[in-house]
Amino acid sequence: MRKLSLSFQALSTPKKILALSVTLPIVIVLFGPIITFFGLPIIGYAVSRNSWTSGRRAKDNWVNLAFALTALGSLALYLTLRNPIFVTDWEGGNPLDDLIAVMMLGFVLLLAITWGFAGWVGHRFVMNLRSRKNRVAAPE
């Protein structure tokens with residue numbers, strides 16, 4: 001990796017721009033879905049783990065509520081978009097094309113937020129189960 005970094009730094013500026021303009025789209029297309037699929041829950045897990053180790057657990061109920069609300073919002077938008085009035089061919093035949101596009105973007109955004117909260121909620125669920133198990137095994 002170090003050798004690759006040094007060879008990239010040795011390139012001239014136009015060659016660096018050309019190399020990045022060719023490789024970055026390929027990397028984004030290939031690894032974007034993978035990073036999204038695994039990255040968002042990992043970020044939620046990391047935030048939850050950080051707050052767990054620092055002893056800040058007061059926001060658990062708020063995060064659980066936010067997770068539930070974003071999941072319900074995603075489901076509601078999905079079911080709304082399946083309604084026949086919101087079916088479009090994207091050729092301008094449906095006057096609701098702009099609204100449909102905004103609703104689809106909102107659905108994807110809510111789904112991503114829900115997926116991020118899933119990491120937090122999953123970590124807290126496991127940690128709460130472990131703490132209960134420890135209390136049962138060795139009562140204080």
Picking from L4, L40, which residue would you name as being over 23 Å from L109 (Cα atoms), in a helix (DSSP H, G or I), at pLDDT below 85 and not hydroxyl-bearing (S, T, Y)?
-> L4
Within segment 25-53, considering residues that are of a type in the set (V, I, T) and more than 22 Å from V126 (Cα to Cα), the one farthest from the chain's Cα centre (by Cα) | I26
One residue from R57, R49 being part of a loop (DSSP other than H, G, I, E, B) and either touching a Cys at 6+ places or on another chain (Cβ under 7 Å) or surrounded by 13 or more Cβ atoms within 10 Å (Cβ to Cβ) (or both) = R57
For T70, state whether it is of a type in the set (V, I, T), exposed (fewer than 11 other Cβ atoms within 10 Å of the Cβ) and under 17 Å from G122 (Cβ atoms).
-> no
Within segment 81-135, can you find the residues that are part of a helix (DSSP H, G or I), exposed (fewer than 12 other Cβ atoms within 10 Å of the Cβ) and either touching a residue at least 60 places away in the same chain (Cβ under 8 Å) or among the basic types (K, R) (or both)?
-> R130, R132, K133, R135
Residue tally, condition hydroxyl-bearing (S, T, Y), under 20 Å from T114 (Cα atoms) and more than 17 Å from the chain's Cα centre (by Cα), over segment 54-94 | 2
Would you tally the residues in segment 80-136 being more than 30 Å from A46 (Cβ to Cβ) and not polar (S, T, N, Q)?
-> 20
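The values are calculated or read from the model by the stated rules, or taken from the named source; none is laboratory data. All values reported here derive from a predicted model rather than from experimental measurement. Positions of Cβ are backbone-derived with ideal geometry, glycine not excepted, and every protein chain shown enters the neighbour counts.
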